[in-house]
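Report on one structure; see the data block that follows.
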Amino acid sequence: MTDLPPYYDPATTANIVAAAKNVLKDNILGAFTKPAPTLYPHQWNWDAGFIALGYARSDFRQACAEMTALFRGQWANGMVPQIVFSVENVGKYFPGYRFWDTNGVPGKPRNVRTSGITMPPVHGFILNRLLQLAPDSKAYRPFFLRMFDRISLLHQYCYQYRDPAREGLAFICHPWESGMDNLPTWEEVFSQIEFDAADVPPYERRDLEHVDARYRPRKPSYDRYIYLVNLLRQQRYQEPEIWENYPFQVQEPMFNAILNHSNEALIELGDWLRRDTGRFREWHTQTNRAINSKLWSESRGIYVSYDRVQHRQIPIATAGGMIPLLCGAPDAARVTRVVTMLEGPSFTGTPEHPAWLCASTALDEPGFDPHRYWRGPVWINMNWMLFHGLNRYGHHAIAEKLRSDSLELVRQYGFWEYFNPWKNLPENEKSGGYGSNQFSWTAALTLDWLGM
Ligand code: 9WN
């Protein structure tokens, strides 16, 4: 055992497992688990999926409860909101329920408080993993059936309302919908949007009460987030009409890869549940084709976002640009290019300046920043998805590096929201963990990786 990293040592593993379980337990808020103790005091969409995996082996009922709680917020058109607000924590997060002003919007469930946008639809593939881990799948059949129908409706929403040209690619209407809120990619999109300070309603951030400003988005980015929320709420979230004249419409590779991996999962689940799976099969073929034809950058050797308002690719290399491996989109030649980039200086650094896998924005991008969220730091959920994508193509060694880097970051620093990608930190920096500590999905995915 001596030459293996310490998390393989049973004593240390047991400590990490116990600590991870405590993170989840401490973050329980009523029926669900909040992403972080104070920074995010409500339920978040894709967080709920990753968190469910953290309970799957030890408390399957709670895993199901996370999914059920989130889908209580589903709108009649199928949209599953980015945030389901907890009544207890009113006023503790901005933008809160009142700011979103979704009350009375047709189709929003009346007794649940939600935001008005969505997030990456991880729920299909999470549900499929839950099925594989279910202690008694037959007993849970009603749960799986209910969720299958709900998730099918969510996919229907993505293809009906977010793919007006029927290309097989869903667009996001806000950086928050990507889950990777602060990528330099969004700066490029915003640079083309005519924007006046007077178009931003007054607001007060709450995040900076919990996290140092240098780890969070800058004010100009936040102004633009709020500007978009204001456009949406002014038009009462009425889809599809609202999209006719809406400036932020981006087809992003990770969002679509997640949607398409969930399509595959719904095929498997549907077969088990004896439901028709024809449309998931059609979507799967069409979306993989479109990811390749529209989102591949031959010059960069990675998938990139497409701005459907400006009709152009945004050739910035991000971790999200490699997630199409998860849904089987790339052919062998493209996989080789993606893996070459992942193993090269853009993500692995150099022998003198090595990096943990995997920076959210490539180390050599002009917009890279090792501290600021989504501009460079490593996120455990991204590593987890990449790990599965790489294994799918037989790249087991680099996949294992994603797993071991993730576990080593957790062991060295704790269950942070994100981590500095550089291995050698300057002397004045004690910790490489940023954002919120005791972050739920970091704990949950650690548990999943350790099989606990
Ligand atoms: C806005 C909850 C969420 C994650 C996102 C992450 C961050 C929210 C914020 O926290 O976003 O949705 O206020 O910064 O970027 O991926 O789901 O953990």
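Evaluate the relative contact order of region 335-452 (contact order divided by residue number), counting alpha-carbon pairs under 8 angstrom at least 6 apart; express in whole percent.
Rounded, it is 24 percent for region 335-452.
Sorted by packing (mean other beta-carbon atoms within 10 Å per residue), highest first, where do 69-77, 363-371, 34-42 land?
By packing density, highest mean first, the sequence is 34-42, 69-77, 363-371.
Sort out for me the Cα centre separation of region 14-76 from region 164-211, rounded to whole Å.
Taking the Cα centre of each part, region 14-76 and region 164-211 sit 26 Å apart.
Once amide H atoms are built 1.01 Å from N in the peptide plane, which residues 5 or more positions from Y434, or in another chain, come under 5 Å H to H?
It is E417, Y418, F419, N420, by chain and number.
Tell me, what is the per residue accessible area of region 166-317 in Å², probe radius 1.4 Å?
I get 42 Å² per residue for this part.
Summing Lys, Arg as +1 and Asp, Glu as -1, what charge do residues with Cβ under 15 Å from the Cβ of Q438 carry, Q438 excluded?
0
Based on the Kirkwood radius over alpha-carbon pairs, what is the Stokes-Einstein translational diffusion coefficient of region 396-452 at 20 °C with 1.002 mPa s viscosity, in µm²/s?
179 µm²/s
Given a 1.4 Å probe and the protein chains all in place, what does the accessible area of E241 round to, in Å² to the nearest 10?
So the heavy atoms of E241 present about 110 Å² to solvent.
Apply the membrane-span-like helix rule to the chain: whole DSSP H runs, Cα extent along the own long axis of at least 20 Å, mean Kyte-Doolittle hydropathy at least 1.0. List the helices found.
Helices meeting the span and hydropathy rule in the chain: none at all.
Restricting to Cα pairs below 8 Å that are 6+ residues apart, what does the relative contact order work out to for the chain? Please round to a whole percent.
18 percent
When the convex hull of the Cα atoms of region 1-85 is projected onto a plane and the area is averaged over all directions, what value comes out in nm²?
6.8 nm²
Decide, for region 96-163, between rounded, prolate and oblate: order the square roots of the alpha carbon gyration tensor eigenvalues as a ≥ b ≥ c, take rounded if a/c falls under 1.5, and otherwise choose prolate if a/b is larger than b/c, else oblate.
Because a/c hits 1.5 or more and a/b exceeds b/c, region 96-163 counts as prolate.
Would you work out the charge dipole size for the chain about its Cα centre, treating the Cβ of every Lys and Arg as +1 and the Cβ of every Asp and Glu as -1, and quote it to the nearest 20 debye?
Dipole of the chain, to the nearest 20 debye: 1200 debye.
Amide H neighbours of R312 under 5 Å, at least 5 residues apart or on other chains, H built in the peptide plane: list them.
Hits under the 5 Å cutoff: D307.
What order, most packed first, do the peptides 159-167, 273-281 have when packing is the mean number of other Cβ atoms within 10 Å of each residue?
Packing order, densest peptide first, comes out as 159-167, 273-281.
Using mean Cβ contacts within 10 Å as the protection proxy, how do 209-216, 178-185 order, highest first?
178-185, 209-216
Name the residues whose placed amide hydrogens come within less than 5 Å of the amide hydrogen of Y303, ignoring near sequence neighbours (fewer than 5 apart) on the same chain.
S297
The values are calculated or read from the model by the stated rules, or taken from the named source; none is laboratory data. In this text the structure is predicted, and so the values were computed from the model without any measurement. Virtual Cβ from ideal backbone geometry, glycine too; neighbours counted across all protein chains shown. Ligands, DNA and RNA are stripped out before the accessible areas are found, and what is left, the full protein with its side chains, is counted by its heavy atoms. Shrake-Rupley method; radii C 1.70, N 1.55, O 1.52, S 1.80 Å.
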